[in-house]
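Working notes, structure below.
The values are calculated or read from the model by the stated rules, or taken from the named source; none is laboratory data. In this text, all values refer to a predicted model and were calculated from it rather than measured experimentally. Cβ atoms come from the backbone with ideal geometry, glycine included; neighbour counts cover every protein chain shown. Note: accessible area is taken over every heavy atom of the protein model, side chains too, but ligands, DNA and RNA are not part of it. Shrake-Rupley method; radii C 1.70, N 1.55, O 1.52, S 1.80 Å.
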Amino acid sequence: MNDMSQGYTTADGRKIGGTLMEMKNITLRFGGVVAIKDISFDIREGEIRAIIGPNGAGKSSMLNVISGFYIPTEGEVWFRGERRPQMKPYQVAQQGIARTFQNIALFKGMSTLDNIMTGRMTMMKTGMAAQALWWGRAQREEDEHREKVEKIIDFLEIQHIRKTPVGRLPYGLQKRVELGRALAAEPKLLLLDEPMAGMNVEEKEDMSRFILDVNDEFGTTIALIEHDMGVVMDLSDRVVVMDYGKKIGDGTPDEVRNNQDVIDAYLGVSHD
Amino acid sequence: MPDQILYAMEVMINGLMAGVLYALVALGFVLIFKASGIFNYAQGVLALFAALTLVGLQQGQIPFSHLINAVFGTDVHHFGWELPAIVAIVLTIGVMVLLAIVIERFILKYLVNQEPIILFMATIGLAYFMEGFGDIMWGSDIKTLDVGLPQGASAWVEDNTAWLGGEGFYGFFIDKLDMVAAVVAAVLVISLTLFSQYSKQGRALRAVADDHQAALSVGISLRFIWVLVWSIAGFVALVAGIMWGAKSGVQFSLSLIALKALPVLMLGGFTSIPGAIVGGLIIGVGEKLFEFTIGPMVGGATENWFAYVLALLFLVFRPQGLFGEKIIERV
Ligand SMILES: Nc1ncnc2c1ncn2[C@@H]1O[C@H](COP(=O)(O)OP(=O)(O)OP(=O)(O)O)[C@@H](O)[C@H]1O
Ligand SMILES: [Mg+2]
């Protein structure tokens, strides 16, 4: 691949910047299971980076390492040019990394609006004491956040379910609310674990459009896991391919598609 | 109106007032259960400890004086000052927050992701520890708590209701302390509701109660939330401790009010704040009315068991409680 240390320009003319996140020699073990084996890759400012691979390849584990839910057994995580010390998931979130989960993790008892409001938790400044003492100021801040959240709701076309408890929503809409909550944090890096799993064709198209728009309009860097190859090829700028915890490919969708190891992994050629 | 009905009404009103206190204790349970899935067996002891601390601080008692005297052969008991009630209350709130931090730091932190039964056992341990600790710190003698709350029957209520009945009726007999308790409880519940609905931390609290993973992913520190909810539970325990302590003195039996909260929780559901309140009121009114009407026929003392029987009936016919969602077994 050509030298990209200063970034590159995509076929559709988007400017991709320097390295935002770099994973260096990450290994993750659970007892005897090696979920990730010595994997390195980078994510560049402004790009849509896909992670693909067969079931159990270690994709979600990788996302969990990035978001601080798993602590890698070995290796380093670099974010914005600095080595990241070991962090709790909530601290990672406060650094501007938002995520969604493979098995949707929403606040089921709360409304769509409240769910997305919690996404702004990291942006809220007023502390508890101040909130009690200056009710008016806290209220003003609340209103400002509320305005941002309403914009996200409009953007995701979910006005009609604003007040609905999300536990009652169909699966596809729940995925959309979860995306909304992540967007509300105005993240530097957005991690999406199978955002289109279990959706019908129409819902997938909507979701693809939202992901592209987020990237395009807000310049948000996105790393996503997806099984649907068509979607991956359409959306992503570069793809990491994992299989049995190892990285077996890394490059543009075209490069990856023609990589023999990748083809073998997907065709189920035996490993020996 | 016939006097008999008026007496029944008076019993009902007094039942409501007692129910408010049950509700207060139950509220402490619900708060912690909602946020962390822990059934906090120590809630009653927290109320006792809070009341002991309040009395001790107010009267200028030297903490651990028995221990100090035994070890050093001294004979110290009091600092020799008395604090105004409001100062003592604020200091006690500080102590309860400190206690919440200590509990999180030394117990909860190590029990993350454990089975509920293990967390429950931990709170049993905590309850007995706190009980002994409270004794050592402030002594085990019965103390009177006086923060200046009005006591005794309200003459105003009596005077203004006497006309309702005939010659033999002197008006409703209602304790002023009970009236204060009702007002305080109402204010407490309203502010807790406002806090949880409209503040950043309140929303974080609801988020944690709903889904830990999701809460982490939006940048909420679980440890901070636990300290927060144990602090609030400690504050609620203090309020309950003040009301019960003012009524019947601060002594070990105060920690047993937690047992009265159990039937309340079965009625109201373990996760519902309105449930705790309505449940408390129903039990308060129910046991007083039952004692008034049926009590004389069965030899009295029905207040000891009525609440539990009522809770049992509820378990049979409506196991999810008044406000809980209907449980439908998945097959
Ligand atoms: N918390 C955990 N404890 C133990 N093993 C785990 C844990 N999380 C993941 N694993 C193991 O790590 C391996 C990789 O799992 P992971 O969920 O990362 O795969 P994946 O690529 O996301 O798969 P899928 O496409 O099915 O979502 C699997 O063998 C899995 O069982
Ligand atoms: Mg996965």
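At a glance:
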item	result
Accessible surface of A:I66 - all protein chains present, 1.4 Å probe, nearest 10 Å²	0
Largest to smallest accessible area among A:D12, B:D211 [probe 1.4 Å]	A:D12, B:D211
Volume per residue of the C-alpha convex hull in the range A:1-124, rounded to whole Å³	166
B/A buried area, accessible surface, summed, 1.4 Å probe, Å²	2200
Calculated log₁₀ intensity ratio I(q)/I(0) where the Debye formula runs over C-alpha points of the range B:105-245, q = 0.20, 0.22 Å⁻¹	-1.26, -1.33
Simple Cβ-charge dipole of the range B:3-317, Lys/Arg +1 and Asp/Glu -1, about Cα centre, in debye nearest 20	1180
Cα centre as origin, Lys/Arg/Asp/Glu Cβ charges: the range A:164-264 dipole, Debye	440
Span-like helix ranges in chain A, DSSP H, alpha carbon extent 18 angstrom or more, Kyte mean at least -0.5	A:171-184
Furthest towards positive pole of dipole, B:L281, B:L188, B:G245, structure part the range B:3-317, Cβ charges	B:L188
Options B:I142, B:V227, B:G166, ranked by Cα towards positive dipole end of the range B:118-246, top entry (Cβ charges)	B:V227
Rg/Rg_globular for the protein assembly as shown, with Rg_globular taken as 2.2 N^0.38 Å and Rg from C-alpha atoms	1.20
For A:G75, distant residues with modelled amide H under 5 Å away	A:T27
Modelled FRET efficiency - R0 30 Å, B:D3 with B:I190, Cβ distances, 0.05 increments	0.25
With 20 Å bins from 0: P(r) over chain B, alpha-carbon pairs, percent	28, 55, 16, 1
Separation of alpha-carbon centers, the range A:135-185 and the range B:72-92, rounded to whole Å	51
Relative pair counts by distance (%), Cα atoms of the range B:9-60, 5 Å bins	5, 17, 17, 17, 16, 14, 10, 4, 0
Probe 1.4 Å, all protein chains present, accessible-area order of B:H78, B:H212, largest first	B:H78, B:H212
Violating pairs (Cα-Cα greater than 31 angstrom) within the set A:K125/B:K34; A:K148/A:K247; A:K24/A:K108; A:K37/A:K148; A:K163/B:K34	A:K148/A:K247; A:K24/A:K108; A:K37/A:K148
Solvent accessible area, Å² - A:E203, 1.4 Å probe, full protein context	60
Amide H contacts under 5 Å for A:I51, placed H, 5+ residues apart	A:L224, A:I225, A:E226, A:V240
Alpha carbon convex hull of the range A:115-185, volume per residue in cubic angstrom	87
Charge dipole magnitude, Cβ of K and R +1, D and E -1 - the protein assembly as shown, Cα centre, debye nearest 20	500
Karplus-derived 3J(HN,Hα), 6.51/-1.76/1.60, for each residue of the range B:63-73, Hz, glycine and proline x	x, 6, 4, 4, 4, 4, 5, 5, 6, 9, x
In nm, spacing of pseudo-spin labels at B:L312 and A:K163 (7 Å Cα→C-beta vector)	4.4
Distance from the range B:119-163 to the range A:17-51 (C-alpha centre basis), Å	58
Surrounding net charge for A:V166, when Lys and Arg each add one and Asp and Glu each subtract one, Cβ distance under 14 Å	+4
Lysines with Cα under 16 Å of A:K204, excluding same-chain neighbours fewer than 8 positions away	A:K175
Positive minus negative residues near A:E186 (Lys, Arg vs Asp, Glu; Cβ under 10 Å)	+3
